[in-house]
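First the structure, in the form of structure tokens, and then the observations on it.
Since every read-out is calculated from the coordinates, none of them should be taken as a lab result. Model, not experiment: these values are computed from the prediction. No Cβ is skipped: glycine too gets one built from the backbone with ideal geometry, and neighbour counts run over all protein chains shown.
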2 protein chains.
Amino acid sequence: MQENQEKARRPRVVPRIVIVGAGFGGLAATQALARTPAEVVVLDRRNHHLFQPLLYQVATAGLSPADIAWPIRGILRSQSNVTVQLGSVRGVDLSAREVMVGDARLGYDYLVIATGARHAYFGHDDWEKFAPGLKRIEDATTIRRRILLAFEMAECGRDPAERRRLLNFVIVGGGATGVEMAGAIAELARKALASDFRHIDPREARIVLVEAGPRLLPSFPPELSEFARRSLEKLGAEVLLGKAVTGCDADGVAVGDARIEAETVIWAAGVMASPAATWLGAECDKAGRVIVERDFSVKGHPEIFVVGDTAHFSEGERMLPGVAPAAKQAGQYVARVIDRRVRGQKAPAPFRYRDWGNLATIGRKSAIVAMGRLSFKGWLAWVFWSVAHIYFLIGLRNRIVVALNWLWSYVTFERGARLITGIDAEDVQASRDALRKAS
Amino acid sequence: MQENQEKARRPRVVPRIVIVGAGFGGLAATQALARTPAEVVVLDRRNHHLFQPLLYQVATAGLSPADIAWPIRGILRSQSNVTVQLGSVRGVDLSAREVMVGDARLGYDYLVIATGARHAYFGHDDWEKFAPGLKRIEDATTIRRRILLAFEMAECGRDPAERRRLLNFVIVGGGATGVEMAGAIAELARKALASDFRHIDPREARIVLVEAGPRLLPSFPPELSEFARRSLEKLGAEVLLGKAVTGCDADGVAVGDARIEAETVIWAAGVMASPAATWLGAECDKAGRVIVERDFSVKGHPEIFVVGDTAHFSEGERMLPGVAPAAKQAGQYVARVIDRRVRGQKAPAPFRYRDWGNLATIGRKSAIVAMGRLSFKGWLAWVFWSVAHIYFLIGLRNRIVVALNWLWSYVTFERGARLITGIDAEDVQASRDALRKAS
């Protein structure tokens with residue numbers, strides 16, 4: 001770091017571009033800067049890039065974390081103008097043009113912020129401990145542990161009401177993550193675990209997906225939303241539409257006036273951007289996204305760019321959606337803007353989002369696809385979904401391993417990663433008691 | 001559990017065999033009891049059986065936890081006389097013939113204890129936090145995190161002495177685990193990570209294997225021990241023989257009169273059996289192993305058996321070694337003893353250990369094999385080692401995935417699971433400070 005501090009004071013030979021966050025946006029920007037005569041520094045709190053669209057499969061024991069995560073250093077190894085640094089950004093000194101990383105400062109000429117988002121609990125941050133969201137690897141292994149432990153505890157439970165509560169799973173939020181989680185848990189209970197227990201029948205598990213809006217997957221055409229709802233019900237999940245969660249504790253959730261007793265509640269609703277707007281003192285929307293200019297720069301700071309889930313970018317009346325392709329395209333565009341400026345060329349043509357369409361999967365062999373006017377559903381859509389996701393994975397090894405896992409579970413209904421880790425049996429009761437106390 | 005308590009009081013139609021621990025010994029006993037007219041209850045603190053011989057590959061980012069662990073329920077799914085229960089044993093009530101599990105009690109007619117061992121710190125249990133051992137999945141992911149973080153911290157370190165300290169790795173204990181860890185870390189540093197950093201050269205990492213005895217791998221013929229030592233040195237590791245670790249803190253270890261400054265210390269020395277001897281009030285050896293009779297039963301308790309790393313079984317002057325095949329054979333033998341007793345038949349012929357030989361691997365493509373008078377080494381031994389280990393893995397899926405991973409890293413030198421999980425960059429310093437404070 002001290003080296004970097006010294007560098008910050010010395011005039012730099014080539015400009016330094018600091019990229020904060022190696023998600024889809026940050027990584028795309030970095031890779032698009034490969035030929036730019038600049039020093040690129042990638043900062044991330046984690047050593048890995050995570051393929052979030054498949055994180056729900058880690059949470060439901062289908063894949064291992066390493067199947068969908070890659071060391072950032074490994075991805076950028078051969079890009080010689082890049083340095084990768086593990087570090088947590090505390091703020092930005094706009095006048096000195098320095099990023100505060102841990103105890104150190106790192107000067108920049110251009111700054112790209114791509115720090116993503118977390119789930120929002122609508123002002124009830126205390127719900128998070130009862131209803132974890134799904135953004136990081138640890139979230140996925142925590143949810144996996146909770147789901148599998150619920151079945152284990154039901155197996156040796158004494159009280160029938162408590163057993164039922166243990167076998168109730170509530171997923172809050174009917175977007176892609178919520179739908180995919182509900183489908184995967186339903187199949188886990190009805191297929192993979194079906195004959196593993198002696199005192200309970202996992203098929204009696206109740207999986208409830210709660211969505212406050214009038215339909216699931218609002219970014220899809222209504223008929224596909226309806227198909228997703230019916231498919232989930234066919235898998236044995238219940239779908240509650242137009243119902244908001246109004247309370248959440250260690251024993252369940254309140255949905256409107258009703259209450260669902262449940263051991264396992266998973267949060268897949270709402271989005272809150274990373275605190276980038278606070279670092280920058282920039283204008284933001286209600287979800288904390290920085291409102292960016294037409295080139296993703298921050299008002300009054302043409303050297304600072306924000307992309308991905310942390311940015312609010314409007315195309316006319318539409319906001320750029322918070323999906324991986326949008327973040328990638330924004331990252332690539334910003335790289336072009338910076339590259340041209342570094343070379344003293346004029347700015348590129350305005351950004352235009354190429355909407356490649358929307359995909360979501362429901363269970364082991366059904367999906368929905370909406371691409372412009374084209375939309376299809378069912379098994380063919382699932383094949384398309386599978387191929388697309390394998391294509392977007394990084395590295396041949398991961399593609400083979402994930403494809404193999406999917407083929408395997410398609411044929412056998414098995415889940416290969418049914419591990420309860422991070423807790424011993426004797427600690428289970430203690431951790432539940434602690435949670436109860438907190439509610 | 002209450003059900004079980006009731007059952008414990010009711011006279012049972014068929015005898016109940018309780019098996020504590022689903023490692024190699026417990027699982028082998030359970031599977032060998034498949035046709036026994038009895039109710040078999042398997043208790044484990046974890047929901048998974050772990051293939052410990054490959055755990056070092058998880059610790060060095062070669063494999064994922066799920067590649068070498070399987071849900072116990074899944075393995076025993078089709079064995080209809082078995083119930084699997086997640087639970088932690090607190091003790092045994094010998095007179096009531098009940099196992100105390102959490103708050104409940106579980107009656108037994110026959111009890112098989114196969115609860116394994118942990119590393120021993122020779123009376124210095126406080127060293128464990130500085131020098132973790134390698135027995136559970138969490139141990140492996142912790143060690144993986146420490147190894148990878150050491151490189152990350154060295155990359156942004158300011159002080160050359162501190163950088164060198166961060167790149168020093170000490171492995172204590174020259175048995176199979178120690179040798180395999182040292183070889184795997186050396187290759188990680190010299191191959192997989194070689195071109196990933198900009199400010200450090202991972203090839204400058206110093207890997208030191210410390211063994212108090214006169215040679216590595218004492219269970220092998222001396223010439224193979226010597227081959228292993230030379231192979232490790234060729235991979236770039238240092239081997240210190242006849243040197244005992246006399247101190248251990250957050251900054252390094254004391255080896256005799258010398259001191260090695262090191263961020264990462266891994267413990268692979270000494271064995272301490274699980275507290276089964278305390279539960280049973282039975283005679284044990286210095287390592288806490290229960291001294292068992294010729295049929296693995298506990299003196300004065302012909303209905304209680306102890307197998308695996310928790311048992312001390314003597315064949316003449318030789319003690320049964322603490323390896324997977326010995327645990328498996330003991331488990332199968334005990335199952336036969338119980339089966340015959342349940343059926344009112346006479347006891348089987350005395351136990352005879354079939355020693356299939358000893359294997360250990362050094363790095364990515366060398367190994368040593370000692371089978372009776374036959375011994376071989378090098379690449380051919382490594383192929384033999386690989387095939388043997390894949391054969392003993394459970395399930396086709398895991399065999400394919402592990403084989404694929406090995407082939408991949410054989411060809412590319414890559415490690416697929418280089419994930420730092422369980423900690424955020426901002427917490428690294430805090431956790432190091434806490435460790436320093438403790439030393």
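Details
- The range A:117-165: C-alpha pair distances exceeding 13 Å, %: 65 percent
- Teacher prompt: B:S431 distances to equivalent labels in other copies, 7 Å Cα→Cβ, nm: 1.5
- Loop-resident sites, the range A:93-166, for trypsin sites (Lys or Arg not before Pro), counting at most 13 other Cβ within 10 Å (DSSP): A:R158
- Taking label positions 7 Å along the Cα-Cβ direction at both A:D103 and A:R230, the computed distance is 6.3 nm, reported to one decimal.
- Beta bridges by DSSP in the protein assembly as shown, antiparallel share as percent, to the nearest 5: 55 percent
- Relative to its Kirkwood radius, the Cα radius of gyration of the range B:317-439 gives an Rg/Rh of 1.15.
- Chain B's nearest residue to the axis relating it to A, judged by Cβ and reported with the distance in whole Å, is B:S64, 2.
- Residues of type lysines that A:K129 reaches as a straight line, Cα spacing below 24 Å, ignoring anything fewer than 8 places off in the same chain: A:K243, A:K286, A:K437
- Residue-averaged 222 nm ellipticity for chain B, from DSSP H runs of 4+ at -39500 (n - 2.57), nearest 500: -10500 deg cm²/dmol
- Among the trypsin sites (Lys or Arg not before Pro) within the range A:271-301, those in coil by DSSP and having at most 10 neighbouring Cβ atoms inside 10 Å are A:K286.
- Value of Rg to Rh for the protein assembly as shown (Rh from inverse mean 1/r over Cα pairs, i.e. Kirkwood): 0.98
- With neighbours defined as other Cβ atoms within 10 Å of a residue's Cβ, the residues B:S78, A:S375, B:S219 order from fewest to most as B:S78, B:S219, A:S375.
- Each Cα pair of the range A:1-154 feeds into the Kirkwood radius, which the Stokes-Einstein equation turns, at 20 °C and 1.002 mPa s, into a diffusion coefficient of 123 µm²/s.
- With bins 10 Å wide beginning at 0, the percent of Cα pairs of the range A:324-373 falling in each bin runs 22, 34, 23, 14, 7, 0.
- Restriction of the GluC sites (Glu not before Pro) in the range A:298-353 to DSSP coil positions whose beta-carbon has at most 15 other beta-carbons within 10 angstrom yields A:E317.
- For B:G107, nonlocal amide neighbours, meaning residues 5 or more places apart or on other chains whose placed amide H falls under 5 Å from its own, are B:A8, B:V99.
- Ordering A:I185, A:I137, A:I171 by the number of other Cβ atoms within 10 Å of each residue's own Cβ, fewest first, gives A:I137, A:I185, A:I171.
- Beta bridges per DSSP with both ends in chain A, % antiparallel, nearest 5: 55 percent
- Stokes-Einstein translational diffusion, the range A:176-335 - Kirkwood Rh over all Cα pairs, 1.002 mPa s, 20 °C, in µm²/s: 116 µm²/s
- Note on A:R294 and A:A258: the model spin-label points, each 7 Å out from Cα along the C-beta direction, lie 5.0 nm apart.
- Estimated FRET transfer efficiency when R0 is 45 angstrom, pair B:S219-A:E223 (beta carbons, to 0.05): 0.10
- Whole-number Å³ per residue for the convex hull built on Cα positions in the range B:265-394: 160 Å³
- Cβ-Cβ FRET estimate between B:A34 and A:A244, R0 fixed at 56 Å, reported to 0.05: 0.60
- The per residue volume of the convex hull around the alpha-carbon atoms of the range A:371-439 is 206 Å³.
- Fully extending the segment from A:R432 to A:E317 would add 36.7 nm, taking 0.36 nm per residue of separation and subtracting the current Cα-Cα distance.
- Taking only the C-alpha atoms of chain A, Rg followed by Dmax gives 22.8, 74 Å.
- In order along the range B:61-73, the phi-based Karplus estimate (6.51 cos²θ - 1.76 cosθ + 1.60, θ = phi - 60°) of 3J(HN,Hα) comes to 6, x, 10, 8, x, 5, 6, 10, 9, 9, x, 4, 4 Hz; Gly and Pro are listed as x.
- Kirkwood-type hydrodynamic radius, the range A:244-300: 14.1 Å, calculated from all non-identical alpha-carbon pairs.
- If a spin label sat at a point 7 angstrom from the Cα of A:L396 along the line to its beta carbon, the backbone N atoms of the range B:415-435 nearer than 20 Å would be those of B:415-418.
- Once both labels are positioned 7 Å from their Cα atoms along Cα-to-Cβ, the gap between B:L374 and B:R354 label points is 1.4 nm.
- Area projected by the alpha carbon convex hull of the range A:56-147, averaged over all directions, nm²: 8.7 nm²
- Viscosity 1.567 mPa s, temperature 4 °C, Stokes-Einstein D of the range A:64-204 from Kirkwood C-alpha radius, µm²/s: 67 µm²/s
- Within straight-line reach of B:K299, meaning a Cα separation under 13 Å, sit the following aspartates and glutamates at least 8 residues removed in sequence or on another chain: B:E283.
- Label spacing, shortest first and in nm, from A:D159 to its equivalents in the remaining copies (7 angstrom along Cα→Cβ): 5.6
- Likely footprinting exposure, A:M100, B:M319, fewest C-beta neighbours within 10 Å first: B:M319, A:M100
- Applying 1/(1 + (r/R0)^6) with r as the Cβ-Cβ distance of B:L407 and B:A194 and R0 = 22 angstrom yields a FRET efficiency of 0.60.
- Compactness of the range B:201-263, expressed as Rg and Dmax over alpha-carbon positions, Å: 12.9, 37
- Gain upon complete extension [B:F122, B:R203; 0.36 nm per residue less C-alpha separation]: 25.9 nm
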